[in-house]
Amino acid sequence: MLIPVLAVLVPTLPLAGWALNGLWGGRFTRRTVAIVACGAVAAAFAAAALLLWQIRLAPPPGRAPAGGPSWIVDLYSWIGAGSIQVPLRLLVDPLSVAMALVVGGVGLLIHVYSVGYMDGDPGCARYFAYLNLFMASMFWLVLAGNLAAMFIGWEGVGLCSYLLIAFWFTRPAAAAAGVKAFLVTRLGDVGFLLGIFVAFGVFGTTDFGVMTRDAGARLALGGGAATALALLLFAGAAGKSAQLPLYVWLPDAMEGPTPVSALIHAATMVTAGVYMIVRLHAVFLRAPAAMDLIAAVGAVTAIFAAAAALVEPDLKRVLAYSTISQLGYMFLAVGVGAFSAGIFHLTSHAFFKALLFLAAGAVMHALGGETDMRRMGGLARRLPRTTAAFAIGALALAGIPPLSGFFSKDLILSEAFRAQAWLWAVGVAAAGLTAVYILRAFALTFLGADLRGAEGTAHDPPPSMAAPMWILAGLTVAGGGLGWSFTHPGILERFLLTGLRAGAGPPARAGGAGEGTLVAASVLVAVAGIVVGWLVYVRRSLRGGVPALAGLLSHRFYIEEAYAVGVIGPVRALARVAAVADRTVTDAAVMGLARALGRSGQALRGLETGYLRHYAAFVLVGVLLILAYWVSR
Amino acid sequence: MAVLFGGVACLALAGGVGVIASRRPVHSVLALLLVLGSLAVDYLLLDAQFIAVLQLIIYAGAIVVLFVFVIMLLHARSGEVARVPAVLPPAAAIPVCAVFGLMLLVVLTGAAIAPAAVGPAFGTVQEVGRALFSRFLLPFEAASIVLLIGMIGAVVLGKRLPPSPPDAGRPAEGPGEGRSKRRVELR
Amino acid sequence: MTVPAPYHLALSAVLFTLGMVGVLVRRSALVVFMSIEVMLNAVNLAFVTFARLRGVVDGQLLVFFVLVVAAVEVVIGLAIIVDVFRAMETVDVDDVDLLRG
């Protein structure tokens with residue numbers, strides 16, 4: 001009974017916050033703006049939590065054909081054209097509620113953090129309005145009941161991402177980064193949109209429940225339609241989630257305020273692609289070739305971005321590459337069919353990466369916006385609490401037990417090993433690199449000589465910023481308990497399984513020796529990575545390296561340059577041709593018409609003499625002509 | 001009756017020529033009065049007694065007086081000084097109008113219809129009034145509104161405007177100077 | 001109807017043409033206005049003639065309405081002339097040529 005109300009409240013509360021702050025934020029005091037924004041998100045989070053309680057409590061109104069308990073909330077009929085019916089529909093099931101809780105929880109913490117972080121910025125009301133709009137779009141994306149409705153949220157978060165990356169729009173770099181993010185994700189969205197059309201063609205609808213139910217009947221296993229649909233949807237996911245080769249926008253997106261990077265570009269929006277694939281896992285399972293491609297892209301992205309993070313001098317961009325790399329792990333997971341493992345990693349990543357970003361934000365806050373790690377160092381003495389928080393996040397990212405990152409990454413790696421050994425090998429290598437680059441970032445920022453000397457007034461952040469960090473740190477430490485145990489599926493997985501892979505039953509988990517070996521191996525690699533990083537960046541005893549490789553890395557394998565030559569160059573050339581054509585054809589026609597009219601006007605101007613009697617004479621001549629016609633007739 | 005019509009027609013034509021040929025506006029007004037009066041007599045010949053009376057009251061009584069007042073207001077300066085208007089010479093205007101008049105004559109007098117027989121009441125106040133308040137009630141009411149609007153318009157236009165700067169098209173120069181300048185332009 | 005209708009109509013046509021000559025030739029706005037009144041009267045004469053010719057009173061009613069409109073027209077027109085005179089110190093229609101192209 002309560003479920004439809006709660007489901008509608010979750011996206012509309014932040015939307016109301018957006019409307020309030022967007023319309024009247026300029027007149028509110030800073031305090032009111034913060035209360036409205038945080039209150040809206042807190043209420044939405046509470047509604048999501050109640051939703052969880054309700055669906056645990058209430059028996060489902062009818063078992064969906066897909067097997068899991070799900071509630072459908074139809075708002076109204078959006079598109080009705082013959083056989084194509086698209087209702088605006090919300091779908092409440094364990095997956096969407098779990099995702100909504102992650103989004104709402106991390107979003108709430110980051111809202112609170114933003115109050116301290118954005119204090120003093122003149123665009124404070126605008127910032128919180130955008131942030132609330134983002135929350136509304138993201139909730140909508142998560143709760144949407146069909147692909148068309150999801151697309152609204154999908155584009156909504158893209159818009160907010162653009163608005164917030166370019167939040168300090170007076171900075172050319174920020175404006176350019178916003179445009180870049182918008183255009184690159186748009187490339188993927190073309191694929192997503194085409195995928196929606198294919199889904200309409202195949203299923204006659206884009207309802208998730210129907211697609212899940214009919215996937216087996218309508219899509220031949222490995223058939224062309226299934227593969228095309230999966231690949232097109234994956235294109236959208238790859239654009240939104242910054243996978244190779246569409247990752248280029250995410251590092252630049254760090255031009256936005258740091259809480260935005262934490263919320264949108266680490267914890268929530270960029271994981272929308274993973275969420276969408278999990279949501280449509282039934283379709284993807286019909287296209288094994290596409291799944292293999294997804295897994296391969298994920299693995300390659302993971303190791304590529306980890307390598308790029310090794311040489312990046314900018315703290316936030318290191319974290320951005322790290323995010324790309326971790327997203328690669330998630331795609332690796334869903335690519336080998338470990339959907340709940342993907343969601344598990346999504347959740348734990350949301351915790352520890354948001355923590356890392358918030359800690360980085362605290363560093364920037366303390367240093368007046370500095371992000372270049374080469375000009376940091378020795379901050380551990382000045383910011384002890386921030387250092388501790390960053391260390392917890394870093395250890396989780398590196399995969400050191402018993403932090404949450406270890407459990408989720410390990411789960412993915414063992415699933416990958418079961419699928420294809422080379423994916424596991426790449427994943428483990430990437431995990432090693434991860435440990436190295438995050439240790440490098442930690443060492444350059446917090447350890448070593450204090451480069452800023454006596455000028456430093458740097459101090460730990462105020463409580464409003466510190467509290468979200470500590471809560472996230474707690475979640476990072478405890479989050480592993482959500483999903484991991486040696487012999488049977490974890491809590492999260494069991495919860496999700498009621499909606500996922502239904503009918504197939506819970507997968508038999510291989511326990512025992514094989515599992516133990518894998519775990520030991522990945523822990524070993526992580527520890528080895530940390531040791532290597534320590535030797536190189538702290539003790540500085542391990543020197544050298546290959547210059548060519550360093551050059552390759554610092555140019556990120558020349559992918560940006562390839563874009564410049566392969567995409568931007570031809571587009572520019574086309575634009576030049578179009579500009580010439582515009583001037584010589586379109587403009588010439590328009591201006592020619594205008595000139596012709598002007599000249600005829602000049603010619604006729606003589607008739608307007610301004611003399612009354614001339615006008616009277618014209619009338620007379622006209623009457624004369626009419627009379628002559630009558631007489632002659 | 002034919003003699004009466006002949007006299008009336010001659011007076012009317014003489015008045016018409018007087019309106020357009022007089023040097024001074026006051027003479028034109030007097031000639032106009034002649035036209036109006038002789039036409040009123042002609043209306044009587046055409047069995048339009050009511051209209052003839054209206055012609056005298058409204059035209060001769062009101063409108064002509066208004067003209068006289070305005071001429072008095074603008075006094076002598078409204079008189080024309082120069083003769084031939086250069087912009088459309090009478091040499092061009094008069095033949096055009098003559099051609100027009102001929103055609104008008106042909107059109108108007110071409111139709112030879114036997115006049116209908118009418119009773120003694122035709123054109124009396126009673127008959128015209130009956131038509132006015134039955135079939136022509138709506139136009140009659142509309143006419144009252146037109147009169148009201150005319151009144152309001154006259155009041156608005158007659159209100160003395162606040163002193164405005166001399167307008168841009170005609171800077172502070174006398175009419176005489178303006179005229180001489182025009183001459184130069186025209187040549 | 002002792003005098004045949006064509007005579008009246010011919011008088012109307014000649015008066016109309018005279019009025020038109022006045023409109024086209026004279027430069028004083030006042031005289032132009034009077035010429036217009038002459039033209040209106042010529043039309044009225046035609047209306048009255050036709051009313052008599054057809055034995056229907058409608059033509060005379062039309063004259064009535066023309067009288068109304070003429071009165072209003074004279075009032076407004078003369079007010080405009082006075083205003084123009086105030087603004088431009090002239091009633092010569094050739095001097096009022098702000099609309100010249």
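The values are calculated or read from the model by the stated rules, or taken from the named source; none is laboratory data. Bear in mind the structure is a predicted one, so any value in this text is a computation, not a measurement. Note: ideal-geometry Cβ built from the backbone for every residue, glycine included; neighbour counts use all protein chains shown. Surface areas here come from the heavy atoms of the whole protein model, side chains and all, with no ligands, DNA or RNA. Shrake-Rupley method; radii C 1.70, N 1.55, O 1.52, S 1.80 Å.
Check whether at least one residue in region A:199-217 is among the acidic types (Asp, Glu), under 14 Å from the mean Cα position of the chain (by Cα) and either assigned by the TED database to the domain that holds A:Thr268 or open to solvent by 10 Å² or more (accessible area, probe 1.4 Å) (or both), and report yes or no. Break it down into steps so the answer makes sense when it comes.
Here is the first cut: in region A:199-217, the ones among the acidic types (Asp, Glu) are A:207, A:214.
Retained after the next criterion (residues that are under 14 Å from the mean Cα position of the chain (by Cα)): none.
Looking for residues that are among the acidic types (Asp, Glu), under 14 Å from the mean Cα position of the chain (by Cα) and either assigned by the TED database to the domain that holds A:Thr268 or open to solvent by 10 Å² or more (accessible area, probe 1.4 Å) (or both), one finds none in region A:199-217, hence no.
State whether the residues of region A:516-536 include one that is exposed (fewer than 10 other Cβ atoms within 10 Å of the Cβ) and modelled with pLDDT under 80.
no
Can A:Leu109 be described as assigned by the TED database to the domain that holds A:Gly204, more than 30 Å from A:Tyr76 (Cα to Cα), in a helix (DSSP H, G or I) and open to solvent by 10 Å² or more (accessible area, probe 1.4 Å)? Break it down stepwise before answering.
On the way: assigned by the TED database to the domain that holds A:Gly204: yes; more than 30 Å from A:Tyr76 (Cα to Cα): yes; in a helix (DSSP H, G or I): yes; open to solvent by 10 Å² or more (accessible area, probe 1.4 Å): yes.
It is true that A:Leu109 is assigned by the TED database to the domain that holds A:Gly204, more than 30 Å from A:Tyr76 (Cα to Cα), in a helix (DSSP H, G or I) and open to solvent by 10 Å² or more (accessible area, probe 1.4 Å).
Inside region C:3-30, can you point out the residues that are basic (Lys, Arg) and more than 7 Å from every other protein chain (Cβ to nearest Cβ)?
In the first step, residues of region C:3-30 are kept if they are basic (Lys, Arg); the result is C:26-27.
Of everything in region C:3-30, nothing turns out to be basic (Lys, Arg) and more than 7 Å from every other protein chain (Cβ to nearest Cβ).
Spot the failing condition for C:Phe33; the list is (1) facing chain B (nearest Cβ under 7 Å); (2) open to solvent by 10 Å² or more (accessible area, probe 1.4 Å); (3) over 26 Å from C:Val3 (Cβ atoms); (4) in contact with a Leu (Cβ under 8 Å, 6 or more places away or on another chain), and only one is missed.
Single failed check for C:Phe33: (1).
Conditions (1) open to solvent by less than 80 Å² (accessible area, probe 1.4 Å); (2) modelled with pLDDT under 90; (3) outside the structural domain of B:Ala62 (by TED's automatic domain parsing), marked per residue:
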residue: B:Pro95; (1), (2), (3): yes, yes, yes
residue: B:Gly150; (1), (2), (3): yes, no, yes
residue: B:Val156; (1), (2), (3): no, yes, yes
residue: B:Arg179; (1), (2), (3): yes, yes, yes
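Report, by residue number, each residue of region A:285-314 that is in contact with a strand residue (DSSP E or B) (Cβ under 7 Å, 6 or more places away or on another chain) and part of a helix (DSSP H, G or I). Walk me through how you get there before you give the answer.
Restricting attention to region A:285-314, the residues satisfying the condition of being in contact with a strand residue (DSSP E or B) (Cβ under 7 Å, 6 or more places away or on another chain) are A:313-314.
Result: no residue meets the conditions.
Picking from C:Thr17, C:Thr49, which residue would you name as being of a type in the set (S, T, N, Q) and within 21 Å of B:Ala117 (Cβ to Cβ)?
It is C:Thr49.
Hey, among A:Ala296, A:Ala287, A:Ala302, which residue is open to solvent by 10 Å² or more (accessible area, probe 1.4 Å), touching a Gly at 6+ places or on another chain (Cβ under 8 Å) and at negative phi?
From the options A:Ala296, A:Ala287, A:Ala302, the qualifying one is A:Ala296.
Against the conditions (1) modelled with pLDDT under 80; (2) surrounded by 11 or more Cβ atoms within 10 Å (Cβ to Cβ); (3) in a helix (DSSP H, G or I), where does A:Pro506 fall short? Just the number, please.
(3)
Restricting attention to region A:268-277, does a residue exist that is in a loop (DSSP other than H, G, I, E, B), open to solvent by 10 Å² or more (accessible area, probe 1.4 Å) and in the same structural domain as A:Tyr130 (by the TED database)?
Scanning region A:268-277 turns up no residue that is in a loop (DSSP other than H, G, I, E, B), open to solvent by 10 Å² or more (accessible area, probe 1.4 Å) and in the same structural domain as A:Tyr130 (by the TED database).
Of all the residues that make up region A:1-18, how many are among the aliphatic types (A, V, I, L, M) and either touching a Leu at 6+ places or on another chain (Cβ under 6 Å) or surrounded by fewer than 16 Cβ atoms within 10 Å (Cβ to Cβ) (or both)?
6
Yes or no, residue by residue, for (1) under 30 Å from A:Pro468 (Cα atoms); (2) touching an Asp or Glu at 6+ places or on another chain (Cβ under 7 Å); (3) of a type in the set (Asp, Glu):
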| position | (1), (2), (3) |
| --- | --- |
| A:Trp249 | yes, no, no |
| A:Asp252 | yes, no, yes |
| A:Val274 | yes, no, no |
| A:Val297 | no, no, no |
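Being among the charged types (D, E, K, R) and outside any helix (DSSP H, G or I) is the filter here, so list the residues in region A:131-188 that pass it.
Across region A:131-188, the qualifying residue is only A:Arg171.
Which ranges mark the helices (runs of 4 or more DSSP H) fully within region A:339-452 that have 3 or more residues being over 26 Å from A:Leu285 (Cβ atoms), open to solvent by less than 10 Å² (accessible area, probe 1.4 Å) and among the small types (Gly, Ala, Ser)?
Correct list: A:339-367, A:384-398, A:421-446.
So, A:Ala359, is that one within 22 Å of the chain's Cα centre (by Cα) and either modelled with pLDDT of 90 or more or not assigned by the TED database to the domain that holds A:Glu312 (or both) or not?
yes
As an exercise: evaluate A:Ile35 against (1) under 22 Å from A:Val115 (Cα atoms); (2) touching a residue at least 24 places away in the same chain (Cβ under 8 Å); (3) not acidic (Asp, Glu) and give the number of the one condition it does not meet.
All conditions pass for A:Ile35, except number (2).
Those residues that are within 13 Å of chain C (Cβ to nearest Cβ) and open to solvent by 70 Å² or more (accessible area, probe 1.4 Å), I need them from region A:579-620; list them, please.
A:Gln602, A:Ala603, A:Leu604, A:Arg605, A:Leu607, A:Glu608, A:Leu612, A:Phe618, A:Val619
Going by what's in this entry, would B:Ala112 be described as open to solvent by 30 Å² or more (accessible area, probe 1.4 Å), touching a Leu at 6+ places or on another chain (Cβ under 6 Å), modelled with pLDDT under 80 and part of a loop (DSSP other than H, G, I, E, B)?
No.
What number of residues within region C:55-101 are within 14 Å of chain A (Cβ to nearest Cβ), in contact (Cβ under 8 Å) with a residue 40 or more places away in the chain and open to solvent by less than 30 Å² (accessible area, probe 1.4 Å)?
The number of residues fulfilling the criteria is 6.
Scan A:Ala394, A:Ala341, A:Ala354 and give me the residue that is small (Gly, Ala, Ser), closer than 17 Å to A:Leu109 by Cβ and in contact (Cβ under 8 Å) with a residue 12 or more places away in the chain.
A:Ala354
Taking C:Leu61 as the residue in question, decide whether it is closer than 27 Å to B:His27 by Cβ and not small (Gly, Ala, Ser).
Judged against the criteria, C:Leu61 is not a match.
Hey, can you tell me all the residues within region A:157-211 that are of a type in the set (Val, Ile, Thr) and in contact (Cβ under 8 Å) with a residue 60 or more places away in the chain?
A:Val157, A:Ile165, A:Val184, A:Thr185, A:Thr205, A:Thr206
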